[in-house]
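Colleague: Handing you a structure now.
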Amino acid sequence: MFKFDFNDKKYKNIHFIGIGGISMSGIAKLLLKKGYSISGSDRNTSKEIQILEQNGAKIFIGQKKENIENPDLIVYTDAILPDNEELIKAKSIGVPCVTRGQFLGALMRNYTHSIAISGSHGKSTTTSMISKILINSPFDPSILIGGNLDEIDGNVLCGNEDYLVTEACEFKANILHYYPSMAIILNIDEDHLDFYKNLDHIVDTFIGYMKNLDENSKAIINIDDPNCLPLLEHIKGKTITFGINNENATYNITNISFDKVGHPCFDIENEKFGKHHFCLNIIGRHNIYNAAAAIIATYETGIDVEYIKNAISKYKNLHRRMEVYGVIGNGKKATILTDYGHHPREIKSCLSSIAEHKEGRLVCIFQPHTYSRTKALLNDFAKCFDDCDEVIVTEIYAAREKFDPTIHSIDLVEKLNKNGVNAIYLKTFEEARDYIFETFKDKDTIITTGCGNPHELARMIVEDYK
């Protein structure tokens, strides 16, 4: 098992291969604040890379063996393939090399209390909700989020070594490297099928994760999700469950209502906790689960209920989570949003939340993420846009994958049209932008979604409109 200790300066110079990713950049920022010498490489520059450079990191654009100078340790993302020049060079000269997941697991052990948030959907939102509650509490937490939160001006906060709040993603079974003192499981769904064989393989991996937890740990589990139920018998520490109108749950969510905009209010009941009423400043039924997990986690950490209630009521979304980018139009007006949703369940939840309270049409521009996900979940994607008046599908964002000629965005468009959804294929962002300018109607809500870079399209639509 790889070990990394803040008190042991064995690894003073650390090089990150793929440093621009939201998680990698966050870890690198935290280490810079801890006084480590950080270098890293990526294929392209980005805002995150620019921030790292401003904070003293040495950055290489392009991944070449010459970038490996004198590191004590290499940390690389799951997107890095075995033929990467830097990785080959580092291994050839005997530099220890670990994945991001292995490193994060070792990093967690430096903190007295580590709160790790897992699930196929809602990790970043729940992590940021917990962060919002803890930031101004008596605690001084360290935070790693898979998105940018205004309260910490980014995706990382370097506090003391008492509390660490972090996302714990299941991709490539990374959660098996984690041993947190509090593990939150929001849901389990079919995803990352380029790695996992099927849903059973994913559930088995989460069971393995639960077996990592010791007798002093706490596991907070959503038992409304049937895929989470097999985890319960493998938890050695304290098991805490939650659900909506679920009398078997440790914490039961009841009395749900929505205002005219779609902001939910609800009660949470528990024998020790009592019964308390909460209202959110964000929309979406799915966010009730995210908020409940955050409320329960912080209460179980020792935060006063009234403080939690006040903090959660002021929480606003992370960037790229149903984020409003602006309004276009002269006379007729359309509102432009962007979202990170890239899995059918996430997209459907987001769109149904908007559709419930929209005034005009709902138009979605979807950028599929990875060939493998698009191919494996094609039929599910074809069923998640029913709330839209129009869907525009752009080119698949390949991310870590090589071109696959057996799947194309047009395949999804054809299935959507067959299902009665008005859908078209437009390859580039420029084509999609121009189409929106030509066709938008008064009171339209136009949302771009995906975990590639569809936020850039939203920005283009707002900034380029004349």
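The values are calculated or read from the model by the stated rules, or taken from the named source; none is laboratory data. All values derive from a computational prediction rather than experimental measurement. As a convention, Cβ positions derive from the backbone with ideal geometry for all residues, glycine included, and neighbour counts pool all protein chains shown. Ligands, DNA and RNA are stripped out before the accessible areas are found, and what is left, the full protein with its side chains, is counted by its heavy atoms. Shrake-Rupley method; radii C 1.70, N 1.55, O 1.52, S 1.80 Å.
Colleague: Please report the spacing between the Cα centers of the stretch 232-260 and the stretch 55-76 in Å, no decimals.
Modeller: Result: 45 Å between the Cα centres.
Colleague: Related question: With 24 Å as the limit, write out which pairs from 123/441; 238/272; 12/33; 260/309; 236/272; 260/333 have Cα-Cα distances beyond it, or answer none.
Modeller: Values: 123/441 34 Å; 238/272 15 Å; 12/33 13 Å; 260/309 21 Å; 236/272 22 Å; 260/333 20 Å.
Pairs exceeding the cut-off: 123/441.
Colleague: How much of the DSSP bridge set in the stretch 268-418 is antiparallel, in percent, rounded to the nearest 5?
Modeller: On the way: 8 of 13 bridges.
Here the antiparallel bridges make up roughly 60 percent for the stretch 268-418.
Colleague: Okay, moving on. Please enumerate, by chain and number, the lysines with C-alpha under 21 Å from the C-alpha of residue 427, excluding those fewer than 8 residues away in the same chain.
Modeller: 375, 402, 415, 418
Colleague: Per residue, how much accessible area does the chain have with a 1.4 Å probe, in Å²?
Modeller: Details: 19400 Å² over 466 residues.
In whole numbers, the chain has 42 Å² accessible per residue.
Colleague: Lys and Arg at +1, Asp and Glu at -1: add these up for the other residues within a Cβ distance under 13 Å of residue 260 and post the number.
Modeller: -2
Colleague: Through the Karplus equation 6.51 cos²θ - 1.76 cosθ + 1.60, θ set to phi - 60°, convert the phi angles of the stretch 248-254 into ³J(HN,Hα) values in whole Hz; use x for Gly and Pro.
Modeller: My calculation for the stretch 248-254 gives 7, 7, 4, 10, 9, 9, 9 Hz in order.
Colleague: Given H placed 1.01 Å from N in the peptide plane, which residues other than close sequence neighbours of residue 337 have an amide H under 5 Å from its amide H?
Modeller: Here 325, 446, 447, 448 satisfy the definition.
Colleague: Give the accessible area for residue 162 in Å² (nearest 10); use a 1.4 Å probe, count only protein heavy atoms, and leave out ligands, DNA and RNA.
Modeller: We get 70 Å² for residue 162.
Colleague: Carbon and sulfur atoms: what percent of the 1.4 Å accessible area of the chain do they account for? List each step's numbers first, then the result.
Modeller: Values: 9030 of 19400 Å².
Here carbon and sulfur together make up 47 percent of the probe-accessible area.
Colleague: Using alpha carbons only, how many angstrom separate the centre of the stretch 197-217 from the centre of the stretch 98-115?
Modeller: Using only Cα atoms to place each centre, the spacing works out to 17 Å.
Colleague: Can I ask one more? If you take every residue apart from residue 227 with its C-beta less than 10 Å away from the C-beta of residue 227, what net charge results, scoring Lys and Arg +1 and Asp and Glu -1?
Modeller: Details: positive: none; negative: 189, 190, 200, 225.
Neighbourhood net charge equals -4.
Colleague: Looking at the chain, what % of its DSSP beta bridges pair antiparallel, to the nearest 5? The partial results should precede the final answer.
Modeller: On the way: 19 of 78 bridges.
Here the share of antiparallel DSSP bridges comes out near 25 percent.
Colleague: Placing +1 at every Lys and Arg Cβ and -1 at every Asp and Glu Cβ, with all other atoms neutral, what dipole size does the chain have around its Cα centre, in debye to the nearest 20?
Modeller: My answer is approximately 680 debye.
Colleague: By a straight-distance test (C-alpha under 14 Å), which aspartates and glutamates pair with residue 91 as possible cross-link partners, with residues fewer than eight away in the same chain excluded?
Modeller: The qualifying aspartates and glutamates are 66, 69, 72, 83.
Colleague: Quick one: accessible surface of residue 5, probe radius 1.4 Å, all protein chains present, in square angstrom to the nearest 10.
Modeller: Counting only protein heavy atoms, residue 5 exposes about 70 Å² to solvent.
Colleague: At q = 0.26 Å⁻¹, what log₁₀ I(q)/I(0) does a Debye calculation on the Cα points of the stretch 1-89 give, no solvent, two decimals?
Modeller: These q points yield log10 I(q)/I(0) values of -1.46.
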